[in-house]
Protein chains: 2
Amino acid sequence: MTYSYKYPRAALTADCVVFGLDDEDLKVMLIQRDLPPFEGTWALPGGFVHVDETIDEAARRELQEETGIKTSYLEQLYTFGDVDRDPRERIVTVAYYALVKLSDHRVKAASDARSAAWFSIGDLPTLAFDHKKIVKAAYERLRGKVRYQPIGFELLPNRFTLRHLQHLYETILDRPLDKRNFRKKILSMDLLAELDEVETDVAHRAARLYRFDRKKYQRLTKQGFNFEI
Amino acid sequence: MTYSYKYPRAALTADCVVFGLDDEDLKVMLIQRDLPPFEGTWALPGGFVHVDETIDEAARRELQEETGIKTSYLEQLYTFGDVDRDPRERIVTVAYYALVKLSDHRVKAASDARSAAWFSIGDLPTLAFDHKKIVKAAYERLRGKVRYQPIGFELLPNRFTLRHLQHLYETILDRPLDKRNFRKKILSMDLLAELDEVETDVAHRAARLYRFDRKKYQRLTKQGFNFEI
């Protein structure tokens with residue numbers, strides 16, 4: 001069975017830049033290709049969009065098939081359509097980026113048995129296709145967006161210390177932040193709920209745990225509040 | 001001649017939301033469809049992406065063919081891929097938005113003889129397909145972006161008064177701005193070159209003309225300057 005059209009058509013794929021954060025730095029999940037082209041090279045998880053699914057659905061499906069990841073935060077990034085970006089034929093890809101709590105996704109075995117691994121954003125291997133360009137665009141979007149929307153919390157465990165939160169912003173923005181100013185700013189926005197718990201299993205003095213109050217944020221946003229770091 | 005593929009493929013189009021500004025308000029250019037589906041209904045200029053051109057090239061080509069507009073500012077907005085967004089078959093569209101100096105584009109005859117016209121953003125006719133959703137997304141992007149990038153100047157003549165500039169921001173942001181504060185803010189950014197000319201043919205006292213200093217802006221941006229209204 002084949003499908004025929006009057007004019008030649010590009011194939012359509014969805015690719016996904018998955019960001020995770022650990023104690024060291026910001027990481028991106030890559031999978032190693034087991035088929036040509038670029039066999040053995042690392043690439044973004046992704047694949048062909050079925051004709052009966054939306055592009056968002058395709059992105060989520062491919063992500064889960066290839067990495068086992070179900071993400072709550074997935075956003076369309078940009079559509080990459082250079083004519084020769086794939087050596088096989090004309091393939092247009094709609095790129096997404098996802099934010100996950102890395103602690104929940106310590107490299108699960110991918111269902112199709114390709115190897116998947118986290119790489120530091122600053123130390124990526126050679127990537128297949130134009131995926132380097134896509135990762136760069138996703139990182140720029142993330143850096144821009146964390147400053148005016150509280151999406152950073154997607155990368156943290158549900159309960160976190162202010163030190164963790166500052167580490168998150170310092171890592172993504174790639175510059176040190178003044179501890180006093182940072183705490184003052186973040187607490188003044190009144191978006192964190194202080195918990196009756198402190199962190200455990202730490203060598204230093206255990207710090208207070210907080211959680212992000214999403215409902216409060218939505219309420220404040222409706223009133224015209226702007227998140228800003 | 002037909003082109004055959006193993007799996008069914010979506011068709012790919014590029015559609016464009018063209019914004020212009022006049023003394024009254026923000027306008028969008030629409031064309032009236034002369035073929036089904038939605039025959040006679042207004043729609044965004046756009047059309048099919050050829051397999052040997054980039055999506056950006058397709059957007060520019062369609063825009064020029066259908067409206068005669070060559071724009072310097074064209075930016076990809078979002079890719080719309082709802083399965084049933086076109087009654088003919090699965091068609092995915094990459095949407096763009098363009099900013100033009102409306103005075104340069106007083107409805108030129110379109111090369112393919114479809115009628116093209118400017119409509120106020122607040123008073124659009126019924127639109128074909130999901131084009132209403134696309135216009136809404138483009139307007140939100142524009143409103144967000146004018147505040148932190150000096151793209152508004154693309155909508156003004158090369159020489160403009162501060163009154164024109166304030167009108168632009170008030171129209172796009174849809175709220176009045178304090179004249180004194182606005183002028184102080186915009187002049188303090190030092191991005192405008194004051195010209196040795198005043199406006200002509202006005203009933204009120206002729207005001208000073210300015211132009212946007214793009215080179216200076218680029219120089220300042222490299223130094224870490226952030227435009228902000």
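How much length would be gained if the chain were fully extended between A:Arg219 and A:Asp52, taking 0.36 nm per residue of separation minus their Cα-Cα distance, in nm to one decimal?
Numbers: separation 167, 0.36 × 167 = 60.12 nm, distance 3.66 nm.
Contour length minus Cα-Cα distance gives 56.5 nm.
For A:69-81, what's the mean count of beta carbons from other chains sitting within 10 Å of each residue's beta carbon?
For this peptide, the per-residue mean of nearby foreign Cβ atoms is 3.
Note down the magnitude of the dipole of chain A about its Cα centre, charges +1 on Lys and Arg C-beta and -1 on Asp and Glu C-beta and zero elsewhere, to the nearest 20 debye.
Dipole about the Cα centre, nearest 20: 920 debye.
List the distances, in nm to one decimal, from the label point of B:Phe225 to the label points of the same position in every other copy, shortest first, placing each label point 7 Å from Cα along the Cα-to-Cβ direction.
Sorted ascending, the copy-to-copy spacings read 3.4 nm.
What does the copy distance list look like for A:Arg143, label position 7 Å along Cα→Cβ, in nm and ordered from shortest?
Result, one decimal in nm: 2.9.
Which value at 222 nm does chain A reach when only helices count, each DSSP H run of 4 or more adding -39,500 (n - 2.57), with the total divided by all residues and rounded to the nearest 500 deg cm²/dmol?
My calculation for chain A gives -8000 deg cm²/dmol from helical runs alone.
Rounded to whole Å and sorted largest first, what semi-axes of the equivalent ellipsoid does the C-alpha gyration tensor of the protein assembly as shown yield via the square root of 5 times each eigenvalue? Write out the running numbers ahead of the final one.
Values: eigenvalues 308, 239, 69 Å².
Rounded to whole Å, the semi-axes are 39, 35, 19.
Accessible area of region A:1-150 with a 1.4 Å probe: how many percent of it is carbon plus sulfur? If you can, show how the numbers build up before the last one.
Details: 3390 of 6810 Å².
That share works out to 50 percent.
What is the helix-to-structure angle for A:55-67, meaning the angle in degrees between its Cα long axis and the longest Cα principal axis of chain A, kept from 0 to 90 and rounded to the nearest 10?
Long axis of A:55-67 versus the principal axis of chain A: about 80 degrees.
Quick check for me: using +1 on Lys/Arg Cβ and -1 on Asp/Glu Cβ, what's the dipole size of region B:80-184 about its Cα centre, in debye to the nearest 20?
Around 660 debye, computed over region B:80-184.
Output the 0 to 90 degree angle, nearest 10, between the alpha-carbon long axis of helix A:179-188 and the longest principal axis computed from the alpha carbons of chain A.
Relative to chain A, helix A:179-188 is tipped by roughly 90 degrees.
For a test of the definition: using alpha carbon positions, the gyration tensor, and the 1.5 limit on a/c, classify region A:23-64 as rounded, prolate or oblate.
oblate
Could you give, in nm with one decimal, how far B:His50 is from each other copy of that position, shortest first, with labels 7 Å out from Cα toward Cβ?
3.5
Please list B:205-216, A:73-84 highest first by mean number of surrounding beta-carbon atoms within 10 Å per residue.
Highest to lowest by the protection proxy: A:73-84, B:205-216.
Assuming R0 = 60 Å, can you tell me the calculated FRET efficiency for the pair A:Asp178 and A:Tyr5, based on Cβ-Cβ distance, to the nearest 0.05?
0.50
Rounded, prolate or oblate, given the Cα gyration tensor of chain B, with a/c below 1.5 counting as rounded? Let's see the in-between values first.
Details: a/c = 2.33, a/b = 1.89, b/c = 1.23.
Verdict is prolate for chain B.
If I fit a long axis through the Cα atoms of helix A:131-145 and take the longest principal axis of the Cα atoms of chain A, what angle between them do I get, 0 to 90°, rounded to 10?
So the inclination is approximately 30 degrees.
Inside 10 Å of the C-beta atoms of B:52-63, what's the mean count of C-beta atoms belonging to other chains?
So the per-residue partner count for this stretch is 2.
Starting from a Cα-only point model with no solvent, please compute log10 I(q)/I(0) by Debye for region A:116-178 at q = 0.21, 0.22, 0.26 1/Å.
The computed values of log10 I(q)/I(0) come out as -0.98, -1.04, -1.22.
Probe radius 1.4 Å, ligands and nucleic acids ignored: give me the carbon and sulfur share of the accessible area of region A:165-229 as a rounded percent. Show your work: numbers first, answer last.
On the way: 2050 of 4590 Å².
In region A:165-229, the share of accessible area belonging to carbon and sulfur is 45 percent.
Where Rh is the Kirkwood radius over the Cα pairs of region A:5-135, the temperature 10 °C and the viscosity 1.306 mPa s, what D in µm²/s does Stokes-Einstein return?
It comes out at roughly 106 µm²/s.
With a 1.4 Å probe and every protein chain left in place, work out the accessible area per residue of region A:79-229 in Å², rounded to a whole number.
In whole numbers, region A:79-229 has 56 Å² accessible per residue.
How much length, in nm to one decimal, is gained on full extension between A:Glu197 and A:Lys133, taken as 0.36 nm per residue of separation minus their Cα-Cα distance?
Length gained, A:Glu197 through A:Lys133: 18.8 nm.
Residue by residue through B:6-13, how many Cβ atoms from other chains fall within 10 Å of the Cβ on average?
Counting Cβ atoms of other protein chains within 10 Å of each residue's Cβ and averaging gives 6.
In square angstrom and rounded to 100, what buried accessible area do you get between chains A and B, total over both, with the probe at 1.4 Å?
2600 Å²
Assigning unit charges at the beta carbon (Lys, Arg +1; Asp, Glu -1) and nothing else, what dipole magnitude in debye, to the nearest 20, does the protein assembly as shown show about its Cα centre?
For the protein assembly as shown, the charge dipole is close to 1580 debye.
Let a ≥ b ≥ c be the square roots of the eigenvalues of the Cα gyration tensor of region B:97-222; is it rounded (a/c under 1.5), or, if not, prolate (a/b larger than b/c) or oblate?
Details: a/c = 1.87, a/b = 1.53, b/c = 1.22.
Prolate.
Using amide H atoms built in the peptide plane, which far-off residues or other-chain residues are under 5 Å from B:Thr13 H to H?
B:Val49, B:Val92, B:Thr93, B:Val94
Normalised radius of gyration for region B:177-221, please: alpha carbon Rg relative to 2.2 N^0.38 Å, two decimal places.
With N residues counted in region B:177-221, Rg over 2.2 N^0.38 Å equals 1.36.
The values are calculated or read from the model by the stated rules, or taken from the named source; none is laboratory data. Fair warning: this is a prediction, and the values are worked out from it, not measured in the lab. Neighbour counts run over all protein chains shown; Cβ positions are idealised from the backbone, glycine included. Accessible surface areas use protein heavy atoms only, side chains included; no ligands, DNA or RNA. Shrake-Rupley method; radii C 1.70, N 1.55, O 1.52, S 1.80 Å.
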